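Trainee: Following this message is one structure expressed as structure tokens.
All of the numbers you see were taken from the coordinates with simple rules; none came from a lab. Just so it is clear, the model here is predicted, and its values are computed rather than measured. Quick reminder, even Gly has a Cβ in these numbers, built from the backbone with ideal geometry, and neighbours come from all protein chains shown.
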Amino acid sequence: MYKKVDVGKKILSANEEYALKNSRLLADQKKLCLNMISSPGSGKTTILTRTIRELKDKIKICVIEGDIQTDLDAEKIRATKAPVVQIETKGSCHLSAAQVSGALENLPVDNLDLIFIENVGNLVCPSAFELGETGKIVVLSVAEGDDKPAKYPAIFAKSKVLLINKTDLLETVGQVDFDVERVKADARKLNKGIEIFPISAKTGAGFDSWYDWLKESVKNIRGD
């Protein structure tokens, strides 16, 4: 006689246990943890390196870097002098809460204000796996098209912030077919409370509003 086992449920259940552990650790230590999710090439790493360099005197930041292979992005983070832990998933399309738990054990969490998790480049899989983070950040570059909130609703529905990156392409090239207002409207249909910041990681346009949100979020977590 065979017993049916729902493998998907077992995987998610194990992940949720680690996610709860991570969430409790971060809450106890009053640390902000943001899980950054996007398609490959949206500019996540460039956003992070710029953010770290420009906020280094105000917020102590570290990064948990997720990639299928290589530590190329982690090396870019190391160049900013911020603590970083590389996780190679070896083919998996998302980070797991267990992997994040292990990374947190290798970071100076006591001396940090903000932990960024740069997830594997993918708009689908990472949205289904909670990591114990404070919130999710979704990045959409204008080169990807303005239909992504409609086509990949889960991540936009779950995110605290939408960063619309590479807006410099709209201004300088003028040939990118991307309707910023459509993206905002579609995202807010899914998530009324989502904060939306059009930015350019190349020029720095729009980053002041993003930084204000980060600083306020760190204060709220700490109870300042």
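Trainee: For region 21-64 and region 93-122, compute the distance between their C-alpha centroids and round to whole Å.
Mentor: A separation of 9 Å, based on Cα centres.
Trainee: Express in nm, to one decimal, how much length is gained between GLU75 and SER209 on full extension, taking 0.36 nm for each residue of separation and deducting their alpha carbon distance.
Mentor: Numbers: separation 134, 0.36 × 134 = 48.24 nm, distance 2.71 nm.
Contour length minus Cα-Cα distance gives 45.5 nm.
Trainee: Using the Cα centre of region 7-222 as origin and beta-carbon charges of +1 (Lys, Arg) and -1 (Asp, Glu), tell me which of GLY193, ALA27, PHE129 is placed farthest towards the positive end of the dipole.
Mentor: ALA27
Trainee: Also, quick follow-up: Just checking the chain: which Cys have no other cysteine's beta-carbon under 4.7 Å?
Mentor: CYS33, CYS62
Trainee: Okay, helix-only estimate at 222 nm for the chain: each DSSP H run of n ≥ 4 adds -39500 (n - 2.57), divide by all residues, round to 500 deg cm²/dmol; what do you get?
Mentor: When only DSSP H runs of four or more count, the value is -12000 deg cm²/dmol.
Trainee: Under a plain spin-label model, where a point goes 7 Å from the Cα along Cα-to-Cβ, how far apart in nm are SER92 and GLU105?
Mentor: With each label placed 7 Å out from Cα toward Cβ, I get 1.5 nm.
Trainee: Shifting gears a bit: Report the Cα-based extents of region 18-116 along its three principal axes, largest first, to the nearest Å.
Mentor: Per principal axis, max minus min of the Cα coordinates gives 34, 32, 20 Å.
Trainee: To make sure I understand, if each residue's beta carbon is the centre and we count other beta carbons within 10 Å, what order do CYS33, CYS125 fall in, fewest to most?
Mentor: CYS125, CYS33
Trainee: Quick check on the exposure proxy: order VAL183, VAL124 from fewest to most C-beta atoms within 10 angstrom.
Mentor: VAL124, VAL183
Trainee: Let me ask another. How much length is gained on full extension from ASN220 to LEU190, taking 0.36 nm per residue of separation minus their Cα-Cα distance?
Mentor: Full extension of this stretch gives 8.3 nm more.
Trainee: Taking 0.36 nm per intervening residue step and subtracting the Cα-Cα distance, what contour gain separates ASP28 from ARG182 on full extension?
Mentor: Numbers: separation 154, 0.36 × 154 = 55.44 nm, distance 3.95 nm.
That works out to 51.5 nm of additional length.
Trainee: Please find, in a Gaussian network model of the chain (springs between Cα atoms separated by less than 10 Å), the residue of ILE137, ILE59, ILE164 whose mean-square fluctuation is greatest.
Mentor: ILE59
Trainee: Suppose every Lys and Arg Cβ carries +1 and every Asp and Glu Cβ carries -1, with no other charges. What dipole size does the chain come out with about its Cα centre, to the nearest 20 debye?
Mentor: 540 debye
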